[in-house]
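The values are calculated or read from the model by the stated rules, or taken from the named source; none is laboratory data. Keep in mind that this is a model prediction, so the values were computed, not measured. Backbone-built Cβ (ideal geometry, glycine too); neighbour counts: all protein chains shown. Protein only, heavy atoms only, side chains kept; ligands, DNA and RNA dropped before computing areas. Shrake-Rupley method; radii C 1.70, N 1.55, O 1.52, S 1.80 Å.
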Amino acid sequence: MNCPSVKNNVLIRVLLVVLAFCYLLYNTIRFDAIIYNFGSFFYTFNPFVISENFYSLLFITWFMFLSLGLGGLIGRRVIFQSEWDFAVPMSFLLGWGAIVYSLMPLIYLDLLTPIPLYGLYAVLSAASLFGLWNFFGTFKESVKTWLMEANERRWMTAALVFAGWIALASALMPPTQSDGLRYHLTAPALYLRHGGFEVLPHLSFSNFPFFMEYLYLVPLSLGVISGPKLIHAAAFFITLSLVSRLGRRLGGPNAGWMAALLVAATPFVPIFAGWSFIEFGLAAYTLAALVGCIALRDRLRESKDGGVWRETVLLGVFCGFLLGCKYTALATLGFLWWAVVWPTGKDGAGWLRRVTIASGAMTLAVAIASPWFIKNALLFGNPVQPFGSSLFPTPGWSEFNAAFFSYHAGMKGDLIAVKQAPLWRQAVDFITLPFRMTVFSGVRAPEDFGQLPTGILWLSGVILLMFQRRLPRPSALCGWMGAFLFFFWAYTYRDIRFLLPCFVSLAPVLGRVISDWVAGTRDFRWIVFAAVLHNLLLTFGLTLIPGTYMPWWVISGRVTQEEYLTEISDETRHQNQAFKYLDQNTTPETKVLLHGVQEPFYCHNEYVWSDWFNTDVLIMWSWQAKSVDDLAQRLRDEGIEYVVYNYGNIRQYYNFYQLFRLPQDRGLPLIKELTSKETARVYYPYDYQYWMQRFAGKVAAAEAASPNVAILDQLLNGGVLQEVFRYDEKPSDPTEGIAVLRVRPAGLNEPAGPGDGGE
């Protein structure tokens, strides 16, 4: 691949300088945290770290060898040869699929109990030994090759190891992230508690494809709460391996290392890799499917009549696992189908054969992912529950819930406002989006997750790519897939983490472009080095901010996990204080209702609750109640003994809470009206503030006309329930505070103040 001409060289340098200036203007490294807390990083070199996290490290070691053995056993015999360059990382992913589909019968036959589970683990471990033996030589050769190249590329090695160390430290932390505590971990934990699959009527997201979440059942069944985080971190390392190997194929070792560094050095990504989410699992399977597509296209180009069944199965299997991770992966499958059908040269197969092969691969993919869709169709009549409510019956997911979810998703990156804007604004938004997400990601508010920037390396690579001449076919396919996934992201849910599949698709070809540019323009090497260093320091500074992530303190034992969960972490501090009170004063069988608590993972009681996007259970009951005594009696009839009332969380989202507690016929028009004003919120903020004052009056009038609102307020704030515990660090701050209220027997509902155990 040739470098751009001297004329373009000057233009590129000007673009990069402007971009770097804007980026540095918006994203400053937390040097204050690094200066004051730099020594905390060295806590992790204490042997105590190993002993403190020994069980977690032992688990992930066993789990990865189990995965490699199972994947190698199946892959070598069915899909690929062991000497294939991608065999080791794809064996891990194939092994994960074997584990998930082995767990499915136990889940749906209500056999998710210790004896069947441990028996399954023993059988899978024994089977994996045969695969490990067959793959030992390949694995050893891969490690040897990596070590030899690492010595030649010392600064890249140091950067990758540092990013990996941050990911591992983040993964050893106890789970505290919202989505993980809401459903990624909570749903499988409830399956284990009930011994099998459980319909969760107020957690619609539990009906998503749950490939990664079913995988999280393994560590949770063994009592390793950081195990899901370690699995997600493992997906991060597997992704880096696949990216590096594909980059090596496209442009040699330098391209492979640069491709891996692009992903690993992206700001915040190493921290996020250690969260109990699914995005790196999605990214890894996206890349595996892309590798399968390239292999199939190569095979079709080599021979018009040659057999392609191995490559077809390879593509179909990994597309099936990909679709099992997320509904939106269906769009990726559509792109890969077209990529197989599109001719690769004059000596390629005909259109009919290509269509047949591509359709066969996608049929296999749909068959592999079908258990989730079949389960939803049988239980709810909606195969894509909770989405598709206009096509299928969707119990538990009202029109208001769907409208609120659409509004919330559309606020990310101001997408609703863009869609409501004139055509010229839509064009400007799309053209400038790559620049905005590089500098400050272009989202609505700094507190959003997506606010973290992607870093200038990505856009620099894209700029360089635009000046390239003709790309080889595999490189072009990576580029087109990355462009497609970016376009798809730009018009769906603009959260930076959902760009990971786009990033890993682009990384191999951008790694080649950047490495060629570095080789042809020596001083550009220092620009790349400076960008990587800035990104890593930006991430490192975040890990040293006290009270935010704190991995170095927690995994070294300076701060215990209990202290972190109950006294430090913003996500868990308040609710875990209430859960701690319940642990000390009730039995696990005591049934509680969680109101304003959407992350119940650490609650050890039997509980009733709802996710943020579902209508709260207590609110639904209030619609049916005629008086506060009627609502209190409903609590008793349901066996509720305590109500955990997170009034701080409710007040933090008070406008949304007001809309949720209105009856559906009043709340739905208001959420639609709020959605219609997104253009004003983004482009005319002063007009929007004036309109919001009038809108607040409409909400207040709707509340006054809704008797259930007064019933709810009287139940929670009128002394009807006895307050037995309160935790409020800052009573003057209305966005903080949680209380535990006891539901007393009928006849004892006279107003009462704080009782035993209160603070």
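Things worth noting here:
- Residue pairs meeting the criteria (Cβ under 7 Å; at least 6 apart or on separate chains; first farther than 17 Å from L19 by Cβ and β-branched (V, I, T), in the stretch 522-539; second in a helix (DSSP H, G or I) and open to solvent by less than 50 Å² (accessible area, probe 1.4 Å)): T539/I166; T539/P270; T539/I271
- Qualifying residues in the stretch 200-212 (those that are closer than 14 Å to D611 by Cβ and not hydroxyl-bearing (S, T, Y)) - the one surrounded by the most Cβ atoms within 10 Å (Cβ to Cβ): N207
- The lone exception for E83 - which of (1) in a loop (DSSP other than H, G, I, E, B); (2) in contact (Cβ under 8 Å) with a residue 60 or more places away in the chain it fails: (2)
- Verdict on H232 being in contact with a Ser or Thr (Cβ under 8 Å, 6 or more places away or on another chain), open to solvent by 10 Å² or more (accessible area, probe 1.4 Å) and under 18 Å from G180 (Cα atoms): no
- Residue that is farthest from Y657 (Cα to Cα), among those in the stretch 573-593 that are among the hydrophobic types (A, V, I, L, M, F, W, C) and touching a helix residue (DSSP H, G or I) at 6+ places or on another chain (Cβ under 8 Å): V592
- Yes/no for Y55 being aromatic (F, W, Y), open to solvent by 20 Å² or more (accessible area, probe 1.4 Å) and closer than 30 Å to T560 by Cβ: yes
- Counting the residues of the stretch 235-266 that are open to solvent by less than 10 Å² (accessible area, probe 1.4 Å) and not hydrophobic (A, V, I, L, M, F, W, C) gives 4.
- Within the stretch 662-687, restricting attention to residues that are in contact with an Asp or Glu (Cβ under 8 Å, 6 or more places away or on another chain) and modelled with pLDDT of 95 or more, the residue that is most open to solvent (accessible area, probe 1.4 Å) is L668.
- Members of the stretch 293-319 that are open to solvent by less than 10 Å² (accessible area, probe 1.4 Å), in contact (Cβ under 8 Å) with a residue 60 or more places away in the chain and closer than 21 Å to Y101 by Cα: L314, F318
- Any hit, the stretch 504-517, residues being out of contact with any helix residue (DSSP H, G or I) (no Cβ under 8 Å at 6 or more places or on another chain), in a helix (DSSP H, G or I) and open to solvent by 10 Å² or more (accessible area, probe 1.4 Å): no
- From the list Y642, Y602, the lone residue that is out of contact with any helix residue (DSSP H, G or I) (no Cβ under 6 Å at 6 or more places or on another chain), of a type outside the set (A, V, I, L, M) and touching a residue at least 24 places away in the same chain (Cβ under 8 Å) is Y642.
- Residue check, F404 modelled with pLDDT of 80 or more and open to solvent by 30 Å² or more (accessible area, probe 1.4 Å): no
- Single condition T615 does not satisfy, out of (1) among the hydroxyl-bearing types (S, T, Y); (2) assigned to a loop (DSSP other than H, G, I, E, B); (3) more than 26 Å from L190 (Cα to Cα): (3)
- Residue pairs meeting the criteria (Cβ under 6 Å; at least 6 apart or on separate chains; first surrounded by fewer than 20 Cβ atoms within 10 Å (Cβ to Cβ), in the stretch 158-186; second assigned to a helix (DSSP H, G or I) and not hydrophobic (A, V, I, L, M, F, W, C)): P174/Q561
- Residue list for the stretch 525-537, filter: open to solvent by 20 Å² or more (accessible area, probe 1.4 Å) and either at pLDDT 90 or above or more than 25 Å from the chain's Cα centre (by Cα) (or both): R525, W526, I527, F529, A530, L533, L537
- Flag if Y647 is open to solvent by less than 70 Å² (accessible area, probe 1.4 Å) and within 24 Å of H574 (Cβ to Cβ): yes
- Picking from residues in the stretch 113-125 that are over 9 Å from G69 (Cβ atoms) and not hydrophobic (A, V, I, L, M, F, W, C), the one that is surrounded by the most Cβ atoms within 10 Å (Cβ to Cβ) is Y121.
- Residue match in the stretch 518-538 (condition: among the aliphatic types (A, V, I, L, M) and closer than 20 Å to I431 by Cβ): no
- Screening L352, L330 for residues that are open to solvent by 40 Å² or more (accessible area, probe 1.4 Å), in contact with a Leu (Cβ under 7 Å, 6 or more places away or on another chain) and without any contact (Cβ under 8 Å) to a residue 12 or more places away in the chain leaves exactly one candidate, L330.
- For first residues located in the stretch 694-707 and in contact (Cβ under 8 Å) with a residue 40 or more places away in the chain, partners that are open to solvent by 60 Å² or more (accessible area, probe 1.4 Å) and lie 6+ apart or on another chain with Cβ distances below 6 Å form the pairs A702/R666.
- If you go through the stretch 549-564 and pick out every residue that is open to solvent by 10 Å² or more (accessible area, probe 1.4 Å) and either over 20 Å from V49 (Cβ atoms) or among the hydrophobic types (A, V, I, L, M, F, W, C) (or both), you end up with 3.
- Only one entry in P754, P745 is at pLDDT below 90 and in contact with an Asp or Glu (Cβ under 7 Å, 6 or more places away or on another chain), namely P754.
- Whether a residue is touching a residue at least 60 places away in the same chain (Cβ under 8 Å), in a helix (DSSP H, G or I) and farther than 26 Å from T61 by Cβ was assessed, and R193 does not pass this test.
- Some residue of the stretch 432-445 being over 25 Å from I271 (Cβ atoms), open to solvent by 40 Å² or more (accessible area, probe 1.4 Å) and at pLDDT below 90: yes
- Looking across G596, G648, one residue alone is on the phi < 0 side of the Ramachandran plot, among the small types (G, A, S) and within 30 Å of the chain's Cα centre (by Cα). It is G648.
- Residue in the stretch 66-77 that is modelled with pLDDT under 90, part of a loop (DSSP other than H, G, I, E, B) and either open to solvent by 10 Å² or more (accessible area, probe 1.4 Å) or farther than 30 Å from W372 by Cα (or both) present: no
- Within the stretch 126-149, tally of residues that are surrounded by fewer than 16 Cβ atoms within 10 Å (Cβ to Cβ) and within 30 Å of the chain's Cα centre (by Cα): 2
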